[in-house]
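Please treat every number below as a calculation from the coordinates, not as lab data. All values derive from a computational prediction rather than experimental measurement. No Cβ is skipped: glycine too gets one built from the backbone with ideal geometry, and neighbour counts run over all protein chains shown.
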Amino acid sequence: MKKSDNFSITNKTKSKPKSLLFVRIKNDVLGKDFELSLVFIGSTKSRAFNKEYRKKDKPTNILTFPLSKTEGEIFITPEVAKRDAKKFDMKENDFIVYLFIHGLLHLNGLKHGDKMDKEEEKLKKKYI
């Protein structure tokens, strides 16, 4: 686990995240005081979480959990992200960064829609 700027990254998979990039994006979107855990998990754990919290019996590429106004958790499943990246015509690592941005925007209070799409595009241009 790496911890920096109220941000921890735990990798339960064989993928290697770009931790410094994640710290920069997190601080840009949520600020340095927001406490965030980013966890990379496998499909089995993703499926279990998705079933428990969203009532969907399949693994998902990302799950975001706001814990308070200043704390949250993001779980990314690289195996699913690799598959889904092709649907978005993106490279796997770029898609993982995109998913992270998506999760951060949810933690920042945005819901799916035009405003979120515009913010995602702006951040994608800056970081991907």
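Annotations for the structure displayed:
- Condition check for Asp84: of a type outside the set (Val, Ile, Thr) and in contact with a Phe, Trp or Tyr (Cβ under 7 Å, 6 or more places away or on another chain): yes
- Answer residue from region 16-33, given it is of a type outside the set (Lys, Arg) and touching a strand residue (DSSP E or B) at 6+ places or on another chain (Cβ under 7 Å) and is surrounded by the most Cβ atoms within 10 Å (Cβ to Cβ) among those: Phe22
- Boolean, Asp84 is under 17 Å from Gly42 (Cβ atoms), surrounded by fewer than 21 Cβ atoms within 10 Å (Cβ to Cβ) and not basic (Lys, Arg): yes
- Scanning region 44-67 for residues that are surrounded by fewer than 17 Cβ atoms within 10 Å (Cβ to Cβ) and out of contact with any strand residue (DSSP E or B) (no Cβ under 9 Å at 6 or more places or on another chain) returns Thr44, Ala48, Lys51, Glu52, Lys55, Lys56, Asp57, Lys58.
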